[in-house]
Structure formats: C-alpha cells, structure tokens
Amino acid sequence: MKIGRYVIEADLLLGGLLFVLSCLSLVFIGSLVAEPKVLLGRSLTAIEPSLFPSLVLSGLAILSALFLVRTVRRSSKMKAEDSVERPSLRRALLLFAIMIAYALAMKPFGFLISTVLALASVSFLVGNRSPLQIALISIASPVLLYLLATRLLAVSLPELSVIEFGYSRLLGE
C-alpha cells in the first residue's frame, strides 16, 4: 500500500494491528474473560481465569513489537519496487478474517470445533495441502490444549455440553 511517498507493507500493517489489539486486550482483560463454570462460584485452588489469556496476550504483544522492529529495519534496506503488495496483503486480510471468524465462532461452537476449523483454515492459507497433515494438526492440537488447559491449569474454556460430557466419560469423571 502506498501512502504519499511511503510504501507500507501488508506485514507491517498486520503486525501493527496485532500489537495494538493485544495491548488493548491486556488493558481490558477484566471485561474480556468470563468467570469459570464452577458450582458455587470460583474454585479456591484454581488459578486466576485471566492469567493464561494475559500471558498469551503479553507474548503476542512482545512478538508483534519484535516483528515490527524487524520489518521496519528490513524495509529500510529494501527498495520500494522489491515489495510484494497484492498477495501478501490478501493473505494478511484472509488471516485477519479467519481470526475474527474464530473469535465469533468460539461461543456458539465451543473451543474444540472453532479451533479445529481455524487451524485447518490457517494451515491451508499458509500452503499446506496435505489432508493428513491438516487433519493431524487441526485435531490433535486443540484436543491436547483443551485437556491441558482444563485439567492441568484448571482454566475454563467455552465448550459445547456434548463435548464436555464426552470428555468426562472418556476420562472417567
């Protein structure tokens, strides 16, 4: 994208957007994280529900800032005609659309289904065309993350009741 005499790459726009959104999310984390589903209120032994999202958002802010610094340094050394505008801008916008759809699908579809769909979409977007790899990445990762987050860290993730009952039967609870 060209603004006046400056050429702004799609990577720079996406990195800046992620940095701003992650910082804003950290500021308003109290309004964004729901109370856990525990009978009679919060469990006294569980960690604070906003801890894990705060760690992830802090990591995203740091990585975005480092990416922005690297991109600015790299683009100052590059000539304006070396930048690839259309494909990178389209991929950046598609990634942003996938993440928005993922966030909107989390409540009605639950963590597992929405994460499987988002990971499969992102995997396809970055060029993976192997159905077996896409299936393994997009199914195994959310299942392991859900089990680690809910069982080990005692973090409540939004999930459909059918899937929660299935997990409890599988784990013998």
Margin query: Quick check on my filter: what residues within region 144-173 are assigned to a helix (DSSP H, G or I), loosely packed, with under 14 Cβ neighbours inside 10 Å and among the aliphatic types (A, V, I, L, M)?
Written below: LEU144, LEU147, LEU148, LEU152, VAL162, LEU170, LEU171
Item checked: Matching residues, region 61-91, being modelled with pLDDT of 75 or more and either touching a strand residue (DSSP E or B) at 6+ places or on another chain (Cβ under 7 Å) or loosely packed, with under 11 Cβ neighbours inside 10 Å (or both) -> ARG73, PRO87
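Looking at SER31, SER58 in this structure, which one is part of a helix (DSSP H, G or I), at pLDDT 80 or above and within 16 Å of the chain's Cα centre (by Cα)?
Exactly one of SER31, SER58 is part of a helix (DSSP H, G or I), at pLDDT 80 or above and within 16 Å of the chain's Cα centre (by Cα), namely SER58.
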Note to self: Exactly one of these conditions fails for VAL38: (1) under 30 Å from LEU89 (Cα atoms); (2) at pLDDT below 85. Give me its number.
What the structure shows: (1)
Checklist line | Answer from LEU94, LEU132, LEU104 - the residue that is surrounded by fewer than 13 Cβ atoms within 10 Å (Cβ to Cβ) and more than 21 Å from PRO49 (Cα to Cα) | finding: LEU132
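The values are calculated or read from the model by the stated rules, or taken from the named source; none is laboratory data. This one's a predicted model, so the numbers in the text were calculated from it and none came from an experiment. For neighbour counting, all protein chains shown are included, and Cβ atoms are generated from backbone atoms with ideal geometry for every residue, glycine included.
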